[in-house]
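Each remark here refers to the structure printed beneath this line.
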Amino acid sequence: MPTAQIKKTILIFSILFTLAIGVSYGYEDGFGPAKKVEGDHFTIYYSPELETAFLMQQLNLGPSDAFLTGETVKGPDSPIELTDMVDTLFARVCDVLDMELYSYKGDIKVCKNFDQLKAIYKTLFDRELTKQSFYVNDLNTIYISEEFFKPEILGHEIAHAVISHYFVVLPSVKIQEVLATYVEYQLRKSAK
C-alpha cells in the first residue's frame, strides 16, 4: 500500500514539474528587455530603443476614431496615449468583425526592427518568417516590428486575437485568415 502511494506522489510531482518547465520554456521568446505600457485590452512591450511618440505617429488614430467606435473620448486636457490608440483600434476591429469582447486582455510586443521579429519567429517556430507580423495564440501575443506598426497590419493581428477568443471552436485557419484580411481591407479603405 505505501509503495502505491509513493508512486502516485512521484507521478503527481513529475507531471507538475513537466508542466512548470513547459510553461517557463513557452514564454521565452527572445524578445529581451522592454519598456511596458498597459491599456484596457493590451499590455504593450516595446524595445528600449523605440519611442511611443513614433509608434503613435504610425497608428495615427485620434479622438474622432474613438468617437466612431463608441469609446469614451478624452477631454482636451488629457493627452492621447499609445494605449488609447491601440484600444480604439481594438474596438474598430471588433466592430468590423461584429464580435464584441469586453474583457479581453492580451500582449503586443513591438520589435525594434524586422530582423528582431524574424529572430523571435525563428526561436518560437524554427522556421523563417514570411509575414510582416504574427499572432501566437498559445501566448496570446501579437509580434510586430516598428516599421510595420500601422493600423491595417496591427488590426489584422488584433483580428486573429479576437477570433481566437470569440469562438469556442475555432474556425479553420483559412477562414480566420479571410476574416483578418477583411479587417485589414476595411481599415485600409477607411484610411483613404
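The values are calculated or read from the model by the stated rules, or taken from the named source; none is laboratory data. Computed from a prediction, not measured in an experiment: that's the story for all the values here. These accessible areas exclude ligands, DNA and RNA; they are computed on the full protein's heavy atoms, side chains included. Shrake-Rupley method; radii C 1.70, N 1.55, O 1.52, S 1.80 Å.
Rounded to a whole number, what % of the accessible area of region 88-168 do carbon and sulfur atoms account for, probe 1.4 Å?
47
Between Gly39 and residues 5 or more places away or on another chain, which pairs have amide H atoms under 5 Å apart, with H built 1.01 Å from N, and which residues are they?
Answer set, sorted by chain and number: Ile44.
Once a ≥ b ≥ c are taken as the square roots of the eigenvalues of the Cα gyration tensor of region 113-154, is the result rounded (a/c under 1.5), prolate (a/b larger than b/c) or oblate (a/b not larger than b/c)?
oblate
Hey, can you find the accessible area per residue of region 112-192 for me, probe 1.4 Å, expressed in square angstrom?
Result: 55 Å² of accessible area for each residue.
Gain in length, Phe167 to Arg127, computed as 0.36 nm per residue apart minus the alpha-carbon separation, to one decimal in nm?
Computed gain between Phe167 and Arg127 is 11.6 nm.
Students often forget the sequence filter, so: which aspartates and glutamates lie under 14 Å Cα-Cα from Lys112 once same-chain residues fewer than 8 apart are removed?
In chain and number order, the partners are Glu49, Glu51, Glu146, Glu147.
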